[in-house]
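All remarks here apply to the structure that follows.
The values are calculated or read from the model by the stated rules, or taken from the named source; none is laboratory data. Nothing here was measured: the structure is a model prediction, and the numbers come from that model. FYI the Cβ positions are ideal-geometry reconstructions off the backbone, even for glycines, and counts take in every protein chain you see.
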Amino acid sequence: MDDQLAALEAEVERRAAQVKTPGDLETLRTDILGRKGGRLSQVMAGLGKVPKEERAEFGRRANETKARIEARFAQAELRLGDAELERSLSQRFDLTFPGIPPRRGSLHILRQTLDDVAAFFRKRGFAIVFGPEVESEYYNFEAMNIPADHPARDAMDTFYLASGGLLRTHTSPMQVRAMEEYPPPIAILVPGRAYRRDALDARHAFAFHQFEGLQIDRGITFGHLKGFVSDLCRTLYGNERRTRFRPSYFQFTEPSAEVDVSCPVCDGSGCRTCGGSGWLEMGGSGMVHPHVLKSAGYDPEIYTGWAFGLGIERIAMVRNGVDDIRLFTENDPAFLEQFA
Ligand SMILES: [Zn+2]
């Protein structure tokens, strides 16, 4: 029995010194110390055959041997750990190898476009104000000189809400809201989302972005409007752009004009983008209607002002050669990354 313990200890001593990997060490440990079928357990199983008076002595020796074997394994484990550390420290790294760049987000192209517009207005002293997207019929229509039975309401296919409100069809309601809040003179830019029950196609979306420019003071004329809008179009599309005002009709301005800008694609000679006309429609404009001024509590005998509204999507499409409005909301990274 004593011989078996001594032989086992010697074997462990020899094999542990040769072990190369943590996996091999674990295999050896199981082979020797495993609870079931371990070699030490097998020797211990012979305890019953030892004469009674020698059993206590044998048990003590067996426990001592087990403790020494465990210590030997711990030592081998340390040795392997050191070797592993040594190996990892001796590895060479190429510090000049390029890293993996993190994916960076960017401002959406509509946001970038609006920022350019806002910068133009801000430079000229305009305040930027925001209005509610859920509007009342009063602000969206009546205060804008569109009474309940007026056919102009049909043209603005409106989303009505169960609450009795509606989703604003334009950013113009803020004209009256701003005039109610601030005494004249005022100069504001109102950017925001507007909604119309349009069928979705390459040119129409049921939710879109607009901005409204409004300036009211003593002695404001149509000349101020033309100068301001022409300057804005040159800033957005380039210095060589020409602007044209076509007589038009809106309920809330008088006189009213559609704003066209010479096509930046063909420079006015006619192409697919401008439908061969050489001009692109930008939006509506005009002198604020006296009824609108009155609704807001301004005296139309003293104050006059201009207003115009343009679509952000429209500007972004023309400036960047985008031919489908749906691309702006589909969030396809391949599309958006072009403007990062
Ligand atoms: Zn063109």
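A compact table of results
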{"read-out": "Hits in the stretch 170-200 (condition: without any contact (Cβ under 8 Å) to a residue 24 or more places away in the chain and assigned to a loop (DSSP other than H, G, I, E, B))", "value": "TYR182, PRO183, ALA199"}
{"read-out": "Residue check, MET282 within 16 Å of the ligand (Cβ to nearest atom), crowded, with 17+ Cβ neighbours inside 10 Å and under 25 Å from VAL129 (Cβ atoms)", "value": "yes"}
{"read-out": "Residue pairs meeting the criteria (Cβ under 7 Å; at least 6 apart or on separate chains; first touching a residue at least 12 places away in the same chain (Cβ under 8 Å) and under 30 Å from GLY23 (Cα atoms), in the stretch 49-78; second outside any loop (DSSP other than H, G, I, E, B) and of a type outside the set (A, V, I, L, M))", "value": "ARG61/ASP2; THR65/GLU9; ARG68/GLU9; ILE69/GLU9; ARG72/GLU13; PHE73/ARG29"}
{"read-out": "In the stretch 86-113, residue farthest from ALA340 (Cα to Cα) [restricted to those that are exposed (fewer than 10 other Cβ atoms within 10 Å of the Cβ) and among the hydrophobic types (A, V, I, L, M, F, W, C)]", "value": "LEU89"}
{"read-out": "Residues of the stretch 223-240 satisfying the condition of being more than 31 Å from the chain's Cα centre (by Cα) and either surrounded by fewer than 18 Cβ atoms within 10 Å (Cβ to Cβ) or within 12 Å of the ligand (Cβ to nearest atom) (or both)", "value": "GLY223, HIS224, LYS226, GLY227, SER230, ASP231, ASN239, GLU240"}
{"read-out": "Some residue of the stretch 193-202 being out of contact with any Cys (no Cβ under 7 Å at 6 or more places or on another chain), crowded, with 18+ Cβ neighbours inside 10 Å and of a type outside the set (A, V, I, L, M)", "value": "yes"}
{"read-out": "Top-ranked residue in the stretch 257-273 [being within 32 Å of the chain's Cα centre (by Cα) and modelled with pLDDT under 85; ranked as farthest from the ligand (Cβ to nearest atom)]", "value": "PRO264"}
{"read-out": "Total residues in the stretch 60-95, condition out of contact with any Asp or Glu (no Cβ under 6 Å at 6 or more places or on another chain) and either outside any helix (DSSP H, G or I) or of a type in the set (Ser, Thr, Tyr) (or both)", "value": "7"}
{"read-out": "Matching option when the condition is within 16 Å of the ligand (Cβ to nearest atom) and either of a type in the set (S, T, N, Q) or under 25 Å from ALA152 (Cα atoms) (or both), among THR243, THR253", "value": "THR243"}
